[in-house]
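Bear in mind that the values in this text are calculations on the coordinates, not laboratory data. Not measured: the values here are computed from a predicted model.
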Amino acid sequence: MTRYEDPAPPCQEPSGSRIPSIGGPPAGSAPRATVVVVTWRGAGHVERCLDALAAQDRPHRTLVVDNASDDGTAGLLAAHPSKPRVLRLPRNAGYAGGIAAALARIDTPLMAWLNDDAAPGPGWLATLEDALDARPDAAAVTSRLLRGTAVQSLGVRLTADGHGADRTEPAPETFGFCGGAVLLRTAALRAVGGVPADFFCYYEDTDTAWRLRLAGLDVLPAPGGSDVAHLHGASTRPGSPLFHRWNERNRLLMLLRCAPAAVAVRELARFAALTAVLPLRRDVPGAANFRLGLRARVLAEVALRLPATLRARRAIGGRAILRRGEVWRRWAGG
């Protein structure tokens, strides 16, 4: 497997080989990781997140991306004793847009994504850094996310219909990671095309895992000691129409970008066919993702984005080391 050097300077595209080589940790005691926290109207919970980061037992930098919050979040960030670096965006770019904006400013070899409603234990970052140090062929390591005492995610599996689903039971390997708390090699993330900013929210993590897998890179499941307490849905409401719109749209876009063509076309056709017959059914489920208007809007948004999505698909294929079918057969339904 390939090894990685330190990342290219911010905003610089990798050149030469499609995937840069990875080296060991940089010399000295400078922080190796930047933890990126994306927030929007996070006044009720972002301080808890920053307190937990300040208690980490491994040096790091903290970059908070404020998605144009209007609830006093900016004042809380300025007053926090940890003095995080803040990137305030002029509009709400969503989680994906916030992470993408941060990536251009990262100059450490490692980059963590952390939800603003998440509070990692004090050994979280050290555990993830050590896990990547032990596996130079891996580009990312996920965390153990907890809602109360229940496990929310130990990693993400790829289902037979192309969904990304949280793993809640320990497993020796995982297809992908939950973007709520993950550590990645910055060079690897840049080399596979960064973050799909126009996803806005949801599936940017599974899309990224797809591209890392196509590049022949591994994603590690949550190691012991990587616990993160997660409120889940503090900024978005799981089950709401917006939640389902983003999930349904971005799953289809992800498949069109990353999956084998037959799989992407099959799932898009299945979604369209179910949408078409909904007016004829009497047993329509009550969930928002079965509303005709929402599904029609998803199809319209996918159609509008189709030219750019197909261009992205060609670029992803051009960088890939493995065939899409190899990744699909290895992980789908696993």
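What angle do you read, to the nearest 10 degrees and between 0 and 90, between the alpha-carbon axis of helix 124-134 and the longest principal axis of the chain?
The two axes meet at around 90 degrees.
Based on the alpha-carbon gyration tensor of region 199-315 and its eigenvalue square roots a ≥ b ≥ c, which shape applies: rounded if a/c is under 1.5, prolate if not and a/b is larger than b/c, or oblate?
Values: a/c = 2.20, a/b = 1.25, b/c = 1.76.
Note, shape of region 199-315 comes out oblate.
Given only helices, namely DSSP H runs of n ≥ 4 each adding -39500 (n - 2.57), what is the per-residue ellipticity at 222 nm of the chain, to the nearest 500 deg cm²/dmol?
Mean residue ellipticity, 222 nm, calculated: -11500 deg cm²/dmol.
Quick one: which residues, 5 or more positions from V38 or on another chain, have an amide H under 5 Å from its amide H? H modelled 1.01 Å from N in the peptide plane, none for Pro or chain starts.
Answer set, sorted by chain and number: V65, L114, D116.
Going by the alpha-carbon gyration tensor, a ≥ b ≥ c the square roots of its eigenvalues, is region 100-218 rounded (a/c under 1.5) or, if a/c is not under 1.5, prolate (a/b greater than b/c) versus oblate?
rounded
Ratio of Rg to Rh for the chain, alpha carbon only, Kirkwood?
Working: Rg = 19.4 Å, Rh = 20.2 Å.
Reported Rg/Rh (Cα atoms, Kirkwood Rh): 0.96.
Nearest 10 degrees, 0 to 90: what angle lies between the long axis of helix 261-277 and the longest principal axis of the chain (Cα atoms)?
Orientation of helix 261-277: about 60 degrees from the principal axis.
In whole angstrom, note down how far apart the Cα centers of region 252-313 and region 139-202 are.
23 Å
Counting only C-alpha contacts under 8 Å and six or more residues apart, can you give the relative contact order of the chain as a whole percent? Before the final figure, lay out the partial values.
Values: 679 pairs, mean separation 62.5, N = 334.
RCO, the chain: 19 percent.
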